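Let me begin by presenting the structure, written as structure tokens, before commenting on it.
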Amino acid sequence: MLNDLHTASESAPVNGGLSSDEANRLLTEHGPNEIIEQKESPLRKILSYFWGPIPWMIEAAAVLSALAQDWPDFLIILTMLAVNAGVAFWQERKADNAVELLKKKLATSARVLRDGRWHDLPARELVPGDLIHLKLGDVVPADVELLKGAGLSIDQSALTGESLPVDKAAKDVAYSGSIVRLGEMTAVVTATGMGTYFGKTAALVEQAGAPSHFQQAVLKIGNALIVATLVLVAVILIYGWFRGDPLLETLQFSLILTIAAIPVALPAVLSVTLAVGAMTLSRLGSIVSHLAAIEELAGIDVLCSDKTGTLTQNRLVVGTPALVEAEQVERVLFAAALACEPESNDPIDSSILSALDHAENLDQARIDLFTPFNPVSKIAEVEVTLEGEKRYIAKGASQSILAWAQASAETQSAVEKQIDTLATEGYRALAVAERIGDAPAQVLGLLPLYDPPREDSATTISALKKLGVAVKMVTGDHIAIVRQIAGKLGIGSHFITADKAFSKEHKMTASEILERDGYAQVFPEHKFEIVQTLQSSDHLVGMTGDGVNDAPALRQADVGIAVSGATDAARAAADLVLTEPGLGVIRSAVEEARRIFERMTAYAIFRISETVRVLLFMTLSILVFDFYPVTAAMIVLLALLNDFPIMMIAYDNAKPAPHPVRWDMHRVLVLSSVLGILGVISSFGLFWIAESIWELPRPTIQTLIFLKLLVAGHLTIYLTRNSGHFWDRPFPSLKLFITTELTQVVGTLAAVYGWFVEPIGWSLALLVWGYALVWFLINNMVKRLVLRNFIKPHKA
């Protein structure tokens, strides 16, 4: 390998490291040892926010306002456009931060052998073939092959998901970004920059990202309204041209009609609904960093969960010791504790000391000589004087301890049997031996080590399954450990290792992935592939994690969830960041997300039905009756009074669905179209009564139509907020009810007393109210018939 990596040259033998000239040549060839970001031009990124159906709608309204010299509307519409672009820009900045935070995890300097001398150089100057020195506390600066030294204990949990430090010896590989916990060794650099395991993870983070179903739904709604508006406005323009109407007058009405039909506030109102939901979720213990993820959370049907630090506590715990030659569990723990180094903060030593009931008894022993754990010998030794006796204690890997104790064949057989039993149960075994004075050594017993599940993991998984969410464990840990934890959590035991599941010859399908309860010994690219494959089969996927190795999958998932205590890179890549330990908040978050989804669906149906009603009614009134049913002032007043109850939809009571939910555009468009057409029929009915029966003047009829549009429109909010009758629970929230009724009262007073409109008095106003209420009951019955007979319930 060393020759392949050009570690030798005529001017610099291997034992002297690379020469400066050779290092410079390799630096030019391989590039700096750093994470490279593909950055888009800021100007191009900003301009992209003004391109697309929703921006086109807003821009079209702005152009028409300018042509008609309606400058107040022009400024309002431009402000709306800028706000929408600003929200999008902020969301994309989060993705850039994910890569920035990944880069901070890399080492900033390294001890390198160059020109026969050791130097401290910036880590970015490392090249393949460099000889470096690693010691306790170092962050490994590149992917390396270990050469010589006492061995290393490496913490790579943030990279691979392994819950325990990994012992490394000569010829083993250490990954960039992992941390040296014990030992010192020299190593040769094998990969730098984007070629490292860490760099490939960062590359996956950059390319990851699935389009939001929320954004797609808004796009579909926008497209439908654009087509309807353009068609009807074109009809009006052509009709006015043939009839010889003044061009400016026709354009002005087209402007009014366009502003009435195009929901320029649609993205903003839905974003406010999501923002209110985000505040609720924050009180539950989760921070939303990507608003659209709330809608996605309502629809996830598969949750891929990391194990270490997510379903488990990410701390070592000592199980009940397995006795070999000791007669009491306390003796095994006491001896093991004497061979620990409290001040080292070693996770294994800490777990043993925590398991000891009477740690104060350790003070009775005098430590004569302590030899810390050596990754090569795999033993920690201590000589102590206790009760006047000299004792020699060792703890470490079972085979090393058996050799140290010169154990008999019978003892070896007993230990191996116990180890096999513990291994099948997912425990890592640590052996403890003791020799008192000159007596033969005894293998006291085995300490089973494991990372315990979080207290709420099992109940959360059970609750998620009841909500229709399949939970799969996807982790880098050993398969035996995975099965043991999965069994305790009720996930299942049907697991497979990544090397068996993923190969170049066979690409897993979504159905094959779902057949398993989870996957062990996976790498970031496997997690990423699992998420992508499930998404390609129309599954909405949630992913939980806490480490750097989880970042690509967190970013790619429809909902990336960083658990409490996650790394900065994982939090930046995630959509949801849990602030409380455990997964219990996920259940609450899913239920709240489904409530928010119901509110957004209610608003979408209401807004489209209102557009259909106003657009179609006004167009037909002009074409058939040559009559403007409302004035420009009435349109402005309607829009203003509509805004208040619309915003209160975000605070409405809603019942969460018992299964994952999706945007069902067929349901939304059919139901809103039916309600809109019913509104057109009822409006023409009132027009016919007012003109043919009551024989009212047209200015008075315009006020009647205005009040009818207002009252009936607000009553429609009560129809769209659920799939049942308007009186079904949950009832409207107090905020929504009071705001809706107050705006109806204000609109009624305006019609009665002639605020900006022709006054009609109380008698006609009350008749309009009665007419609207009758149609409200009819609409309720028709809605139920449509939902029952023409729209199939949609499940994710």
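Since every read-out is calculated from the coordinates, none of them should be taken as a lab result. Fair warning: this is a prediction, and the values are worked out from it, not measured in the lab. All Cβ positions, glycine included, derive from the backbone under ideal geometry; neighbour counts span all protein chains shown.
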## Note on the structure
Surrounding charge for G724, neighbours by C-beta under 15 angstrom, Lys/Arg +1, Asp/Glu -1, total +4
### Query
Which residues' amide hydrogens lie under 5 Å from the amide hydrogen of N314, considering only partners 5 or more residues apart or on another chain, with H built in the peptide plane?
G309
## Note on the structure
At R0 = 60 Å the Cβ-Cβ FRET efficiency linking K390 and K507, nearest 0.05, sits at 0.45
### Query
Over region 602-698, with a single point scatterer placed on each C-alpha, what log10 of the ratio I(q)/I(0) does the Debye formula yield at q = 0.13, 0.16, 0.19, 0.22 1/Å?
-0.60, -0.83, -1.04, -1.24
### Query
What is the gain in length, in nm to one decimal, between E455 and A82 on full extension, counting 0.36 nm per residue of separation less the C-alpha to C-alpha distance?
129.6 nm
## Note on the structure
Which residues qualify? For A110, with a placed amide H closer than 5 Å and at least 5 residues away or on another chain, they are L121, A123
### Message
List the residues, sorted by chain then number, that are 5 or more residues from W118 or on another chain and whose placed amide H is less than 5 Å from its amide H.
### Response
none
### Task
Count charges around C304 for me, please; just the other residues with Cβ under 12 Å from its Cβ, Lys/Arg as +1, Asp/Glu as -1.
-2
### Query
From the backbone phi of region 336-344, what are the Karplus-calculated ³J(HN,Hα) couplings (6.51 cos²θ - 1.76 cosθ + 1.60, θ = phi - 60°) in whole Hz, Gly and Pro given as x?
4, 5, 4, 8, 9, 10, x, 6, 7
### Task
Work out from phi, with θ = phi - 60° and the Karplus expression 6.51 cos²θ - 1.76 cosθ + 1.60, the ³J(HN,Hα) of each residue of region 463-473, listed in order in whole Hz, and give x for Gly and Pro.
5, 5, 4, 5, 8, x, 9, 7, 9, 10, 8
### Query
On the first, second and third principal axes, largest extent first, how far apart are the outermost C-alpha atoms of region 381-429 in Å?
41, 23, 17
## Note on the structure
region 677-796: spread of alpha-carbon positions along the three principal axes, whole Å, largest first, is 52, 33, 20
### Phi-based couplings in Hz for region 436-451 (Karplus 6.51, -1.76, 1.60; Gly and Pro marked x)
9, x, 9, 6, x, 6, 10, 8, 5, x, 10, 9, x, 10, 7, 9
### Query
How high is the FRET efficiency from Q364 to E184, r the C-beta distance, R0 41 Å, rounded to 0.05?
0.75
### Task
Provide the gained length on full extension for the span T579 to L230, in nm with one decimal, where the gain is 0.36 nm per separating residue minus the Cα-Cα distance.
120.9 nm
### Task
Provide, in order from the shortest bin, the percent of all Cα-Cα pairs of region 318-450 in each 5 Å bin, continuing until the bin that contains the maximum pair distance.
2, 11, 22, 26, 22, 12, 4, 1, 0
#### Entry: Kirkwood-based Rg to Rh ratio, region 473-561, C-alpha trace
0.93
#### Entry: Two-site label geometry, A423 and E410: point separation in nm, points 7 Å out along Cα→Cβ
2.5 nm
